[in-house]
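Have a look at the structure below before the remarks.
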Amino acid sequence: MKIGIYPGTFDPITHGHTDIITRSLRVFDKVVVAVAPNPAKHPLFNLEERVDMVKLVMKDIGQVEVVTFEGLLVDYVQRSGAHGIIRGLRAISDFEHEFQMALINRKLAKKVETVFLMPSEEYSYLSSTIIKDVATHGGSLTPFLHPDVARRLQERIRSLKS
Ligand code: COA
């Protein structure tokens with residue numbers, strides 16, 4: 001069974017992430033969504049909340065597991081016996097950062113491959129930061145987020161404002 005690891009911060013999970021996970025299942029038999037604590041990014045949701053939202057969104061998609069990992073991604077990939085890292089390439093602007101991460105990961109663990117997938121065009125401009133900005137300014141989240149994730153994001157922003 002070919003297993004791919006899809007790592008990220010997922011603060012919160014968007015339709016763009018879901019699109020990549022769905023596409024990954026055409027390449028891998030199983031996808032492990034690995035949620036990183038990433039304190040450097042000062043996430044709006046804590047790790048447990050982010051995991052919970054990924055699980056909620058993925059509940060009807062078979063062959064998807066949601067985990068957390070600490071430390072180096074390649075160490076987790078090797079420990080878990082997965083066959084590769086999955087990353088989405090949304091635009092040329094992603095390339096430099098992704099190229100650097102993939103090559104550092106290869107230097108750290110030469111047998112760990114990174115597989116890049118292109119999201120659907122309609123999601124190619126999405127990022128969690130931009131969605132949080134839309135939410136902060138009261139914009140509609142329907143095109144970007146699962147309804148329950150949208151509700152949680154609106155609640156979080158409301159509680160931060162009050
Ligand atoms: N659809 C929508 N948004 C997407 C997306 C897609 N298909 N693909 C990426 N994004 C967004 C994310 O939401 C995120 O947005 P944000 O910055 O506004 O929050 C941004 O693109 C990229 O962030 P993310 O996917 O969270 O990845 P990252 O670049 O922050 O890296 C890890 C996260 C976990 C992969 C990386 O930090 C890591 O490997 N950490 C472990 C430590 C390690 O091994 N370090 C050495 C190697 S770098």
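Tell me which of these Ser140 doesn't satisfy, since it passes every other one: (1) open to solvent by 80 Å² or more (accessible area, probe 1.4 Å); (2) over 20 Å from the mean Cα position of the chain (by Cα).
(1)
Looking for whichever is open to solvent by less than 50 Å² (accessible area, probe 1.4 Å) and among the polar types (S, T, N, Q) here; the options are Thr9, Thr22. Which one fits?
Working: Thr22 fails: open to solvent by less than 50 Å² (accessible area, probe 1.4 Å).
Step by step, each of Thr9, Thr22 is checked, and only Thr9 is open to solvent by less than 50 Å² (accessible area, probe 1.4 Å) and among the polar types (S, T, N, Q).
Among the listed residues Val35, Val51, which satisfies the condition of being open to solvent by less than 10 Å² (accessible area, probe 1.4 Å) and either modelled with pLDDT under 95 or within 14 Å of the ligand (Cβ to nearest atom) (or both)? Break it down stepwise before answering.
Numbers: Val51 fails: open to solvent by less than 10 Å² (accessible area, probe 1.4 Å).
Only one candidate passes the filter, namely Val35.
Is there a residue in the range 75-89 that is part of a strand (DSSP E or B), over 22 Å from Arg106 (Cβ atoms) and more than 13 Å from the chain's Cα centre (by Cα)?
No, every residue in the range 75-89 fails to be part of a strand (DSSP E or B), over 22 Å from Arg106 (Cβ atoms) and more than 13 Å from the chain's Cα centre (by Cα).
Looking only at the range 102-134, which residues are near the ligand (Cβ under 7 Å from one of its atoms), within 15 Å of the chain's Cα centre (by Cα) and either assigned to a loop (DSSP other than H, G, I, E, B) or surrounded by fewer than 16 Cβ atoms within 10 Å (Cβ to Cβ) (or both)?
Pro119, Leu126, Ser127, Thr129, Ile130
Exactly one of these conditions fails for Thr9: (1) more than 7 Å from the ligand (Cβ to nearest atom); (2) of a type in the set (Val, Ile, Thr); (3) in contact with a strand residue (DSSP E or B) (Cβ under 9 Å, 6 or more places away or on another chain). Give me its number.
(1)
The values are calculated or read from the model by the stated rules, or taken from the named source; none is laboratory data. Quick caveat, the model's predicted, so the values are computed rather than measured. Note that we place each Cβ from the backbone using ideal geometry, even for glycine, and neighbour counts take in every protein chain shown. All accessible areas refer to the heavy atoms of the entire protein, side chains included, with ligands and DNA or RNA removed. Shrake-Rupley method; radii C 1.70, N 1.55, O 1.52, S 1.80 Å.
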